[in-house]
Structures are given as structure tokens and as C-alpha cells.
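The values are calculated or read from the model by the stated rules, or taken from the named source; none is laboratory data. Here the structure is a predicted model, which means the values were calculated and not measured. Using ideal geometry, Cβ is built from the backbone for each residue, glycine included, and neighbour counts are taken over all protein chains shown. Heavy atoms of the whole protein, side chains included, go into the accessibility calculation; ligands, DNA and RNA do not. Shrake-Rupley method; radii C 1.70, N 1.55, O 1.52, S 1.80 Å.
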Amino acid sequence: MKPGRAESVSPASLEGGVQRREAASPGEAGFSRSAYRRFLAIPTRWMDNDAYGHVNNVTYYSYFDTAVNEHLIRDGGLDIAGGPIIGLVVETGCRFHASLSFPETIDAGLAIERLGTTSVVYRIGLFRRGTDSPAATGRFVHVWVDRATQRPAPVPERIRAALAPLVVPP
């Protein structure tokens with residue numbers, strides 16, 4: 001891999017459980033701000049920094065979770081405490097392209113790559129304010145289930161309506 005280049009994995013690159021990676025630049029298609037349909041400003045916190053002076057890698061997943069759930073609760077009416085249908089995270093992934101640190105405000109971009117019957121694949125980009133290239137890009141997958149039985153259930157209609165405008169072409 002060339003320095004300064006992020007990696008992407010294509011389904012065809014998986015062989016026997018081993019990933020073969022092909023290089024992708026953060027500026028290539030699918031990575032700029034225009035690849036996202038909604039943005040949420042998230043301020044970094046002092047506690048987000050690690051001993052190296054940048055946001056710790058695990059904190060990026062918290063930003064992903066915040067971007068997704070803020071939209072589901074605010075626009076989709078998700079009742080996290082008592083709703084009969086809930087979204088369970090079954091997959092996450094993150095590619096790091098540049099460091100973030102406190103104090104900064106991150107613009108978390110959100111798009112939907114796939115809106116299925118019982119699942120949703122989210123695309124998330126974390127951008128430093130005023131930049132077009134992301135510091136990190138991520139994938140977040142929800143499977144919607146009945147809270148009581150934990151069996152797959154259709155994405156609730158109000159949530160589907162909130163997600164539909166965020167769908168991007170493959």
C-alpha cells in the first residue's frame with residue numbers, strides 16, 4: 001500500500017477468509033461530502049483524545065452510533081426504551097484517513113447504501129469542518145428485530161420513511 005492511501009475491500013477480494021485489499025484514495029468516488037445526504041455536527045471532547053494526542057480509534061465508532069441514532073430518534077421516531085421493534089448492530093467497520101483531535105467539531109455525514117426489508121446498511125463519513133475529504137469512513141449495519149422475540153422484523157414504516165431520502169445509488 002502506498003503511504004497516505006486508504007484501503008477498500010471488495011466482496012470479490014475475499015478468499016478463504018483472507019481479505020485482499022485494493023487501494024482507494026479518500027478523494028475517490030464515494031468518499032467526498034457529496035456522497036452523504038445528512039450531516040450532524042459532533043464536538044470532540046477532551047476525553048476523546050488518547051495518550052498520542054488524537055481521538056482514540058474506538059471513539060470513532062461512538063461517533064458513527066451517534067450519527068445513526070440521532071437521525072433514527074429525531075426523524076424516525078425510534079423509541080429506544082419501549083418500542084416493539086429495535087435495530088441491532090450486526091456489523092461495523094472503519095477506515096482511518098486522517099487524525100482528529102480535541103478541540104474540533106466533526107461533521108458526521110450519513111447515507112444509506114441499502115434499505116432492505118429487515119436491515120439497513122449505513123455509510124458514515126467523519127469530516128473535519130471545512131474539508132471535503134473525510135478523516136474516517138465507516139459502515140454500520142442494523143438488523144431490525146422484535147424486541148421480545150429477537151427475531152427479524154420489517155423496518156418500521158416511520159423509520160423507513162426517515163431513511164428513504166438518505167438512500168444513495170450503489
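Take Val58 and decide whether it is surrounded by fewer than 20 Cβ atoms within 10 Å (Cβ to Cβ), at pLDDT below 95 and not hydroxyl-bearing (Ser, Thr, Tyr).
Values: surrounded by fewer than 20 Cβ atoms within 10 Å (Cβ to Cβ): yes; at pLDDT below 95: yes; not hydroxyl-bearing (Ser, Thr, Tyr): yes.
Criteria met by Val58.
Can you find, within the range 142-170, the residue that is farthest from Val90 (Cα to Cα) among those that are of a type in the set (D, E, K, R) and within 21 Å of the chain's Cα centre (by Cα)?
Residues of the range 142-170 of a type in the set (D, E, K, R): 146-147, 151, 157-158, 160.
Now narrow it down to the ones that are within 21 Å of the chain's Cα centre (by Cα): 158, 160.
Values: Arg158: 22, Arg160: 18 Å.
Here the answer is Arg158.
This table checks each residue for (1) modelled with pLDDT of 95 or more; (2) more than 16 Å from the chain's Cα centre (by Cα); (3) open to solvent by less than 50 Å² (accessible area, probe 1.4 Å).
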site	(1), (2), (3)
Gly4	no, yes, no
Gly30	no, no, yes
Leu40	yes, no, yes
Asp50	no, yes, yes
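For the range 73-104, residues that are open to solvent by less than 50 Å² (accessible area, probe 1.4 Å) and under 23 Å from Phe31 (Cα atoms) total 7.
Applying the condition of being open to solvent by 40 Å² or more (accessible area, probe 1.4 Å) and closer than 15 Å to Val168 by Cα to the range 105-122 and asking which residue is nearest to the chain's Cα centre (by Cα) yields Glu113.
Going residue by residue through the range 73-81, is there one that turns out to be within 18 Å of Ile42 (Cβ to Cβ), in a loop (DSSP other than H, G, I, E, B) and touching a Ser or Thr at 6+ places or on another chain (Cβ under 9 Å)? Full working, then the answer.
So the first thing to find is which residues in the range 73-81 are within 18 Å of Ile42 (Cβ to Cβ), and the list is 73-75.
This time we only want the ones that are in a loop (DSSP other than H, G, I, E, B), so: 75.
If we keep only those that are touching a Ser or Thr at 6+ places or on another chain (Cβ under 9 Å) too, we end up with none.
Looking for residues that are within 18 Å of Ile42 (Cβ to Cβ), in a loop (DSSP other than H, G, I, E, B) and touching a Ser or Thr at 6+ places or on another chain (Cβ under 9 Å), one finds none in the range 73-81, hence no.
Selection over the range 146-170 of residues that are among the β-branched types (Val, Ile, Thr) and either crowded, with 20+ Cβ neighbours inside 10 Å or in contact with a Leu (Cβ under 6 Å, 6 or more places away or on another chain) (or both) gives a count of 3. Being at pLDDT below 95 and closer than 27 Å to Ser99 by Cα is a description that applies to Arg129.
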